[in-house]
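Heads up, the thing below is written out as structure tokens.
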Amino acid sequence: MSRTAIDTDTNGERPPPEDDRAFLGQPRGLLSLSGLEVRERFSFLGMQAILVLYLAAAADGGGMAPGTAAPVSAPACSAVYGTVAVAVGLAVIALAPWLRRTMHPVH
């Protein structure tokens, strides 16, 4: 960490504070950041599971298909959801060069 005018007092005699390396040799803010990421990922995956269960229950009860509803299992809904998620991811990868040329014409 370098010394700047903010790190020293008006006389310029106080040294800058020592680096705070309390979390496995990393800055202290990394602990809160990693905790935030874990909570975000846990809630995202939980909502995905709830969505699959909702789709399975709605399809089984006729909520998703008006008229005659064929029973659909949770694994089948999960497979459909996973297929759509992978297709969207692959479409983004496939369209990335075109998007790059379209969005950034200076390249």
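Filter segment 59-107 for residues that are over 17 Å from residue 49 (Cβ atoms), modelled with pLDDT under 80 and part of a helix (DSSP H, G or I) and give the result. Across segment 59-107, there are no qualifying residues. If the condition is being surrounded by 10 or more Cβ atoms within 10 Å (Cβ to Cβ) and among the polar types (S, T, N, Q), then segment 80-103 contributes only 83. If you check 31, 53, 36, 24 for being surrounded by 10 or more Cβ atoms within 10 Å (Cβ to Cβ) and at pLDDT below 80, only one passes: 53.
The values are calculated or read from the model by the stated rules, or taken from the named source; none is laboratory data. Keep in mind the model is a prediction, meaning the values are calculated, not measured. Virtual Cβ from ideal backbone geometry, glycine too; neighbours counted across all protein chains shown.
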